[in-house]
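The values are calculated or read from the model by the stated rules, or taken from the named source; none is laboratory data. From a predicted model like this one, the values you see are computed outputs, not experimental measurements. Here Cβ is always computed from backbone atoms with ideal geometry, including for glycine, and neighbour counts include all displayed protein chains.
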Amino acid sequence: MNYIYCIPKLNRLDDYISFSKNYDACFEYNDFFIPSILDDVKKTDEIINIYTSLDRDRSNDTLHGVFLDICINSDDPMIYKVSDYRVHQSLDIALRLGVRAVIFHTNHISNFKLKSYQDNWLNRNEQYWRRILKEYPALDIYIENMFDMDDYLLKQLAIKMDNEPRFGVCLDVAHAFIGTQPLNEWFYDLSPYIRHLHINDNNGIEDSHNPVGSMDVPWNLYRDYIKSLPSEKLPSVLIEVNDYDDLVSSVEYMKDNKLYPF
């Protein structure tokens, strides 16, 4: 299994290809959650053709699915219909690219603590993602924390979906750091379900996608969490930063500080 991932950018694609070869790294495609791209069939086809023409194995790559304004648990049938349409666009593109998994966000209202709202979110998400997994048997689905202040709803969904081997959690460490729950609790509460990680750095306030080690995320907690895992449970890791130079800076820090997977 390939453990390190990067986000290829078309303006420096040669650099990312070189990075992929040097570190046996996979790609996580971030080109296809932008509505203006999804609504431009010609542009979408053009980008897919660029990636599929590269001389590299894409079978372990991942794709970041749509998340802007997506609400598959909406009581409004029109909002649900559009959300479902966008999700299917992501999944169909993933099939064309030949990736192994697609990442979607929780996209719930984090400070809406009404039990009926939370129960509705859990029930509809479980029903929806079970149906999607049946519809797309070639793909894994990972759900990522986004605006979540704590891990409660994501953990409850993971528990409900625990009998689905192609479903898992993508823990975004930087998003979790912005929340109200201690970071180490995120790691250990979700540990049985984490299949994929997103890592970058921030000041605990803004999700700025800075290089790993450049700001305030306590990477010692990340190191301790990884050390607690058996080898067969090690997740894949996306270094989710703004540009290629930040990717290089992150890798240098991770190597110097012996942070997984270096």
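Laid out as a table, the results:
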{"quantity": "Of all residues making up the stretch 209-235, the number that are small (Gly, Ala, Ser), on the phi < 0 side of the Ramachandran plot and in contact (Cβ under 8 Å) with a residue 24 or more places away in the chain", "calculated": "2"}
{"quantity": "Residue in the stretch 109-124 that is crowded, with 16+ Cβ neighbours inside 10 Å and either within 19 Å of Asn60 (Cβ to Cβ) or modelled with pLDDT under 95 (or both) present", "calculated": "yes"}
{"quantity": "Of all residues in the stretch 49-73 being surrounded by fewer than 17 Cβ atoms within 10 Å (Cβ to Cβ) and polar (S, T, N, Q), the one that is nearest to Ser116 (Cα to Cα)", "calculated": "Ser59"}
{"quantity": "Test: residue in the stretch 32-51 that is outside any helix (DSSP H, G or I), touching a strand residue (DSSP E or B) at 6+ places or on another chain (Cβ under 9 Å) and under 22 Å from Ile194 (Cβ atoms)", "calculated": "yes"}
{"quantity": "Which listed residue, of Val217, Val237, is more than 17 Å from the chain's Cα centre (by Cα), within 18 Å of Lys258 (Cα to Cα), aliphatic (A, V, I, L, M) and not in a helix (DSSP H, G or I)", "calculated": "Val217"}
{"quantity": "Search result, residues across the stretch 125-164 that are crowded, with 19+ Cβ neighbours inside 10 Å and among the small types (Gly, Ala, Ser)", "calculated": "Ala158"}
{"quantity": "Failed condition for Ile205, given (1) surrounded by 14 or more Cβ atoms within 10 Å (Cβ to Cβ); (2) out of contact with any strand residue (DSSP E or B) (no Cβ under 6 Å at 6 or more places or on another chain); (3) among the hydrophobic types (A, V, I, L, M, F, W, C); (4) closer than 29 Å to Phe112 by Cβ", "calculated": "(1)"}
{"quantity": "Cβ-Cβ under 9 Å pairs, at least 6 apart or on other chains, the stretch 56-70 side closer than 14 Å to Pro8 by Cα and in contact (Cβ under 8 Å) with a residue 60 or more places away in the chain, far side crowded, with 18+ Cβ neighbours inside 10 Å and among the aliphatic types (A, V, I, L, M)", "calculated": "Thr62/Ala94; Thr62/Val99; Thr62/Ala101; Thr62/Val102; Thr62/Ile103; Thr62/Leu238"}
{"quantity": "Val82 under 20 Å from Thr44 (Cβ atoms), of a type in the set (Val, Ile, Thr), out of contact with any His (no Cβ under 6 Å at 6 or more places or on another chain) and surrounded by fewer than 19 Cβ atoms within 10 Å (Cβ to Cβ)", "calculated": "yes"}
{"quantity": "Long-range neighbours under 7 Å by Cβ, at least six apart or interchain, first residue part of a loop (DSSP other than H, G, I, E, B) within the stretch 97-110, second surrounded by fewer than 20 Cβ atoms within 10 Å (Cβ to Cβ) and of a type in the set (Ser, Thr, Tyr)", "calculated": "Gly98/Ser59; Arg100/Ser59"}
{"quantity": "Any pair with Cβ under 6 angstrom, 6 or more apart, that starts in the stretch 237-262 at a residue that is touching a residue at least 24 places away in the same chain (Cβ under 8 Å) and ends at one that is part of a helix (DSSP H, G or I) and among the β-branched types (Val, Ile, Thr)", "calculated": "Tyr260/Ile226"}
{"quantity": "Every residue from the stretch 171-202 that is of a type in the set (S, T, N, Q) and under 18 Å from Met254 (Cα atoms)", "calculated": "Asn200, Asn202"}
